[in-house]
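Derivation of every value follows stated rules applied to the coordinates shown; laboratory data play no part. Quantities reported herein were computed from a predicted structural model and do not represent experimental measurements. Positions of Cβ are generated from backbone atoms using ideal geometry, with glycine treated the same way; all protein chains shown enter the neighbour counts.
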Amino acid sequence: MNIEKIKLIDTYISKNNTGRSANFASKIQISRGMLYRYIKYMKEELQAPIVYNKSRETYQYSEKGNLCIKGWTDQNSNHSNQKVKQLSKSKAVKSI
């Protein structure tokens, strides 16, 4: 998964400005199928509470918070630790 795409998807979702999936995918220049894979990844691996609001025709977060993605590279190896997602209950600035 491309971290820049995840950040872009998060920005649109945070603003409740995605539109329908086909339009959203077009806005961020990926296929609709790839959009679904990103959303699935964000929901399952990053535990982002993403839902689709049919009446507003937009993806949104079902909880207030921030999507924080952190990684760590050990200087003694080329392996990175798994990305960590933290959902804060505060309205703090996004930490991506």
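How high is the FRET efficiency from TYR52 to GLU4, r the C-beta distance, R0 35 Å, rounded to 0.05? Present the calculation step by step, with values, prior to reporting the outcome.
On the way: r = 23 Å, r/R0 = 0.65.
Step by step, r from the Cβ atoms, then E = 0.95.
How much length is gained on full extension from LYS43 to ILE69, taking 0.36 nm per residue of separation minus their Cα-Cα distance? Working shown, then result.
Values: separation 26, 0.36 × 26 = 9.36 nm, distance 1.31 nm.
Additional length available on full extension: 8.0 nm.
What does the charge add up to near ILE30, with Lys and Arg as +1, Asp and Glu as -1, over the other residues with Cβ less than 11 Å from its Cβ?
Numbers: positive: LYS5, LYS27, ARG32, ARG37; negative: none.
Taking every Cβ under 11 Å from that of ILE30, the sum is +4.
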